[in-house]
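A.B. asks: Below you'll find the structure I mean.
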Amino acid sequence: MTDVRTNGQCKHVFIRTYGCQMNVYDSDRMADVLRPLGYALIDTPERADLVVVNTCHIREHASEKVYSELGRLRDTKRERRAAGGDLTIAVAGCVAQAEGEEIVRRQPAVDIVVGPQAYHRLPELLAEAERKAAIRRAGRRLPGAGVLDTDFPAESKFDHLPAPQGVRAGSAFLSIQEGCDKFCTFCVVPYTRGAEYSRPASAVMTEARQLVTAGAVEITLLGQNVNAYHGDAGDGSTWSLARLIRALAEIDGLTRIRYTTSHPRDMDDELIAAHGTVPQLMPYLHLPVQAGSDRVLEAMNRRHGRDLFRRLVDRLREAQPELALSSDFIVGFPGESDADFDDTMRLVEEVGFASAFSFKYSRRPGTPGAALPGQVPEPVKAARLAALQALLGRQARDFNASKVGAVVPVLFAEPGRKPGQVVGKTPWLQSVYADGSPRLVGRIVDVRLTEGHANSLAGAIVAPAWETAA
Ligand code: 5AD
Ligand code: SF4
C-alpha cells in the first residue's frame, strides 16, 4: 500500500540507543511509530535519512558521549547537503528531557529534540522539521532551528503508541511503569522521566499476549521502579507487581518472566512469596542497594538501612533458595569515608552477588547530591571502585563456577562469535555459549554447563540430534 505521507518511498532510520533497558524498549517503540511513515529500521547511520540518538543522562560520561556523536552527525549532514541530499537528526531520551534547547544551542545541526514522554508525537515533530527544512532550502532564514517537545503530557504515551512489532529471539521487554517519586539525592531520573506512573493492568496484559503471539517465550517487565507498580485493574482496585506476575504466568507459552529494576522498599510480602510460588518467575533479582553504610544510605535518601536489605535478602532466599542476586553500587558519594566504604565491602561479602553494576558517583547538576559538601576526590573513587569490582568479579566467577556440571534450560539469543556456536541465557541470566545450530535462536534448550568463566559459561546442548544439527 502506498503511504500518502511518504509517496510510497522507503526511508531509513537509524536509532542509536544509550543507557538502560527502558531506552532499548523506547527505541523499539519509536521504530514502531516511524514504520507507518515509511521508515525502515537500519543498523548503521550511513544510509539513514533520519538518525535518532536515544540518550542517557544518568552519569556525566553518558551525557557527554551524546555531544561527540552529534558532532559526527553534523559532519555527515554537511556532506549530504553538499551532495544535494539531507539528514534529519533527532535527539531523544533523558538528555533531551534535561537539556532541551541547550542541545540545539550546542549543536545547531539537531532538527528535533524529543523527551521520553512524547515519542508518540514523533510524526508531528518530523512534519514540522520537514516544513522548516523546506523553508531553509528555499533560502529563507528561520528564527530558532530545532523542533522541541519535552513536555510531560497529561495523557500517557502508552495510550498512543502502536502495538509492539516483532520479538527478538523469543525475548521481549514490556514497560509497565515509568518515572520515579523516590528522589534519591544522586539521581536525575525523577527529573528526566517525571512522576511515577503505572500502566493499567489490562493494557499490560494485552501487550503481553501480543508479544507471546509474536513469539516471546520470555518477557522482562520494565520500570524505573518496577516493583512500585500499582496498575489500575479497571474495577476500582489496583494490581501490585506480584498480582500482575501471577496473571502473566497464566499466559500459555510464556515460560520466563523477569522484572527490573527494583527498590528494596517496594519489595512487599506478596512479591517475595511470588519468587517461591510462580515457576515462570526466574530465580534472579536485580535489587540495587547502592551502598552498605547506613550513613551514606541516609544521605542518598534511600530511606532504608543495611539491615533492611539484609533481612530482605534472607526472606527472598527463604522463598526461593535458588535465587541469584544482582545489584547496583555507587562509590564515592559525597561524605563517604573509608569506614563507610568498608561497610559496602562487608555487605557485599555477607550477601554474595551473582552479578552487579558498580559506578563512581557522578555529580549531576540539579540533584541535591551535587551541592553536598565532602565531594570525594577522583583517585579515591577510582581506588574504591577497583576494590569493589575485584570483589564483585570474584563473586560472579564463583557463582558461575557453582553451576558447572548442572543441566539448565538456556534461551538462545543469537549465533556466537565463533561459527557453529549459539549464545543464550540461563534462568540466572548468565551467558552460555554452546555448539549448536542458529535454528535454536529463540528456543529454550537444556544445556549441560561445562566451564565457568568471569562473564560466561561454556556448555553442551542436551537435546535430540535433529534439534541441534546445523
Ligand atoms: N552517579 C553514579 N551512579 C549513578 N546511578 C544513578 N545516578 C548516578 C550518579 N549520579 C546508578 C545507580 C542506579 C543505576 C541505574 O545508576 O546505581 O541504580
Ligand atoms: Fe533514581 Fe532512586 Fe528513583 Fe532509582 S529509586 S530511579 S535511583 S531516584
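A.B. asks: Residue-wise, which Karplus ³J(HN,Hα) couplings in Hz belong to the stretch 440-446, taking 6.51 cos²θ - 1.76 cosθ + 1.60, θ = phi - 60°, and x for glycine or proline?
C.D. replies: Using θ = phi - 60°, the values come out as 7, 4, x, 10, 9, 9, 6 Hz.
A.B. asks: Would you mind checking K11/K132; K182/K360; K11/K65; K403/K425; K11/K77; K157/K360 for any pair whose Cα atoms are more than 23 angstrom apart?
C.D. replies: K11/K65; K157/K360
A.B. asks: Please work out the Cα center distance from the stretch 405-440 to the stretch 87-108, rounded to the nearest Å.
C.D. replies: So the two Cα centres are separated by 39 Å.
A.B. asks: Placing +1 at every Lys and Arg Cβ and -1 at every Asp and Glu Cβ, with all other atoms neutral, what dipole size does the stretch 70-220 have around its Cα centre, in debye to the nearest 20?
C.D. replies: Here the size comes out at about 840 debye.
A.B. asks: Now for a separate question. So how much accessible area does E218 have, in Å² to the nearest 10, using a 1.4 Å probe?
C.D. replies: Solvent-accessible area, nearest 10 Å²: 20 Å².
A.B. asks: While we're on this one: Are there any trypsin sites (Lys or Arg not before Pro) in the stretch 63-139 that are in a DSSP loop and have at most 16 other Cβ atoms within 10 Å? List them by number.
C.D. replies: none
A.B. asks: Please identify the helices of the chain, taking whole runs of DSSP H, that span at least 24 Å along their own axis as judged from the Cα atoms and have a mean Kyte-Doolittle score of -0.5 or higher.
C.D. replies: Result, helices passing both filters: 378-402.
A.B. asks: Net charge around T255, counting only other residues with Cβ within less than 15 Å of its Cβ (Lys, Arg = +1; Asp, Glu = -1)?
C.D. replies: Charge balance in the 15 Å sphere: +1.
A.B. asks: If you restrict to DSSP beta bridges whose two residues both lie in the chain, what percentage is antiparallel, to the nearest 5?
C.D. replies: Restricted to the chain, the bridges split so that about 35 percent are antiparallel.
A.B. asks: Please calculate how many Å² of accessible area the stretch 5-149 carries per residue, with a 1.4 Å probe and no DNA, RNA or ligand atoms counted.
C.D. replies: Ligands and nucleic acids excluded, the figure is 46 Å² per residue.
A.B. asks: Once you measure Cβ to Cβ distances between cysteines in the chain, which Cys have no partner under 4.7 Å?
C.D. replies: C10, C20, C56, C94, C180, each lacking another Cys Cβ under 4.7 Å.
A.B. asks: Compare the Cα positions of T260, L125, A371 along the charge dipole of the chain (+1 at Cβ of Lys, Arg; -1 at Cβ of Asp, Glu; about the Cα centre) and return the one farthest towards the positive end.
C.D. replies: The residue sitting most towards the positive pole is L125.
A.B. asks: Right, another one. Going by amide H atoms built from the backbone, whose H comes under 5 Å of the H on Y229, apart from near neighbours?
C.D. replies: Excluding prolines and chain starts, which carry no amide H, the hits are L241.
A.B. asks: Could you report the stretch 407-469's accessible area per residue, 1.4 Å probe, as an integer in Å²?
C.D. replies: Value for the stretch 407-469: 50 Å² per residue.
A.B. asks: Just how large is the dipole of the chain about the Cα centre, in debye to the nearest 20, putting +1 at every Lys and Arg Cβ and -1 at every Asp and Glu Cβ?
C.D. replies: Roughly 1420 debye for the chain.
A.B. asks: Of the accessible area of the chain, with the probe set at 1.4 angstrom, what percent is carbon plus sulfur?
C.D. replies: Reported share for carbon and sulfur atoms: 51 percent.
The values are calculated or read from the model by the stated rules, or taken from the named source; none is laboratory data. Everything numeric here is computed off the predicted structure, so don't read it as measured data. So basically every Cβ, Gly included, is an ideal-geometry build from the backbone, and we count neighbours across all protein chains shown. Note: accessible area is taken over every heavy atom of the protein model, side chains too, but ligands, DNA and RNA are not part of it. Shrake-Rupley method; radii C 1.70, N 1.55, O 1.52, S 1.80 Å.
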